[in-house]
Each structure stands twice: as structure tokens, then as C-alpha cells.
1. Go through (1) exposed (fewer than 10 other Cβ atoms within 10 Å of the Cβ); (2) modelled with pLDDT of 80 or more one by one and return the number of the condition Leu22 breaks.
2. Given the conditions (1) of a type outside the set (Ser, Thr, Tyr); (2) over 18 Å from the mean Cα position of the chain (by Cα); (3) at pLDDT below 55, report the number of the one that Ile30 does not fulfil.
3. Do you know which residues across region 25-46 are closer than 29 Å to Ala77 by Cβ, open to solvent by less than 70 Å² (accessible area, probe 1.4 Å) and either without any contact (Cβ under 8 Å) to a residue 24 or more places away in the chain or not in a helix (DSSP H, G or I) (or both)?
Amino acid sequence: HSSAQNVVKQIFGVIKCHFRILLLPPEYPIEIQALIPVALCVIHNLIMSHKWDPDADGEMLEGDSGGDGGTGEVARALHDSIAEAMWHDYQEYLQKRGQT
């Protein structure tokens with residue numbers, strides 16, 4: 001049990017570093033709150049899979065030098081673009097919520 005507990009703590013530590021939503025008290029119903037960590041793990045795994053895996057053409061992701069650090073830069077850019085899109089969606093949600 002203790003080794004499983006350590007793995008879970010490590011996973012949440014990684015997810016908390018990447019997704020700040022876990023650090024703030026959410027304003028969602030409990031049913032939605034229960035889905036947030038799972039969704040964040042899926043997003044994290046998607047980002048990590050694109051970080052290392054070649055695309056459908058067998059070439060590395062655009063902008064990847066294939067050498068030291070290039071893939072990390074592409075993954076960071078992907079992470080940032082996803083985070084920015086999510087932030088804009090959240091801001092729109094808050095505006096709509098305030099108008100109703």
C-alpha cells in the first residue's frame with residue numbers, strides 16, 4: 001500500500017505543477033470535481049505523447065530539431081497553447097455565467 005501511495009503522491013505532484021486548478025478550491029459540483037484529476041491526467045499524457053512520438057508521417061513534431069532540447073521546446077509550446085485555449089474558454093464561461 002505504501003508504494004502505491006507514493007506513486008499517487010508523485011502523480012499528483014506532477015499534475016499540480018502543470019495545472020494550477022488543483023491548487024485552488026473549485027467552484028464546480030462534486031460530480032465535476034471528481035472528473036478534473038482524471039481529465040488533467042489525460043491531457044498531461046497527451047502532451048507527453050506528442051513530446052516524444054513522431055507524427056503520422058514518421059517525422060518529429062514541427063520545430064523539433066531531433067537533438068538536445070528541441071522536443072522539450074515543442075512540448076512546452078504545445079502545453080502553453082493548450083493552457084491558453086483553456087484559459088480563454090474559462091474566461092468566456094465566467095462571462096456567460098455572470099450574465100445569466
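The values are calculated or read from the model by the stated rules, or taken from the named source; none is laboratory data. This structure is a prediction, so every number in the text was calculated from the model and none was measured. Here the Cβ positions follow ideal geometry from the backbone for every residue, glycine too, while neighbour counts run over all protein chains shown. Surface accessibility is based on the protein's heavy atoms, side chains included, excluding ligands, DNA and RNA. Shrake-Rupley method; radii C 1.70, N 1.55, O 1.52, S 1.80 Å.
1. Leu22 satisfies all of (1) exposed (fewer than 10 other Cβ atoms within 10 Å of the Cβ); (2) modelled with pLDDT of 80 or more except (1).
2. For Ile30, the failing item is (3).
3. Within region 25-46, Pro26, Tyr28, Ile36, Ala39 meet the criteria.
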